[in-house]
């Protein structure tokens, strides 16, 4: 478990640092892309962000709660679900962990190629940042927190993507009805919060959902539906490592100096490794 926790921490640290590195000089492209997104949403009739933002601000206690939700639940719920998955559903852990990491890694490409100013920066459109307006706790409540992240990494929304991943895990694998209900409500609540607090656009959430959904489907195909290629690859890697260790220890490689019997033993080891990996995979 500690190895997996370390992996998650290292991955998220790398993800955060890469987001910061991807901040480009000048904000012109980010604001130009914001105009593009709003134009598309208005054409499609999806531009509900301003209405949600104004409605939220009319209820200050709800706006403060939404600010705290946006700043904290993204990390707390996701990490909690990862730990629960590892502890209580280990047979599903590997493919689901791989899916969220894959989606998050691919999201960095979007942040790099399509920097996007969030709605709360578009004061000329009428958007208001509830953290600033209410002097509330929030993710960007201080200048320091704002400079330690890439505030133009909005497309796709990984708040939305990670919440969908948590929802999939709970709805699919939880046994209690209340847990399944929370799993279904959590992505909906998250999308409402990211839109109403003017941190994301509708299309950001759609892109985040599509990215995580696609990564989960691909990971399921590779790890669960058709796992043989991964099993074979692992067996070959394990056999290659064992071969290098034997050579480093001065032992002759299989098939050299021991005749056909050694070669047969080496082949048996490969088959044994393959069969061991095969039986360890979830049905």
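Every number here is computed from the coordinates shown, using simple stated rules; none is lab data. Predicted, not measured: the structure shown is a model, and the values here were computed from it. Please note: Cβ atoms are built from the backbone with ideal geometry, for glycine as well, and neighbour counts cover all protein chains shown.
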- Task: Using the number of other C-beta atoms within 10 angstrom as an exposure proxy, rank 109, 68 with the fewest first.
- Result: 109, 68
- Item | Residue order, fewest to most surrounding Cβ atoms within 10 angstrom, among 42, 97 | 42, 97
- Note on the structure: So, with points 7 Å from each Cα along the Cβ direction, the residue 68-residue 43 label distance in nm works out to 4.2 nm
- Treat segment 14-133 as a sphere of radius equal to its Kirkwood radius over Cα pairs and apply Stokes-Einstein at 4 °C in a medium of 1.567 mPa s; give the translational diffusion coefficient in µm²/s, rounded to a whole number. 75 µm²/s
- Item | Distance in nm between pseudo-label sites at residue 188 and residue 171 (7 Å out along the Cβ direction from Cα) | 1.0 nm
- Task: Treat the count of other C-beta atoms within 10 Å as a stand-in for reagent exposure and order 224, 9 from fewest to most.
- Result: 9, 224
- Simple spin-label model, 7 Å along Cα-to-Cβ: residue 125 to residue 5 in nm? 4.1 nm
- Cα-based radius of gyration of segment 2-225 once divided by 2.2 N^0.38 Å, which approximates compact folds: 1.01
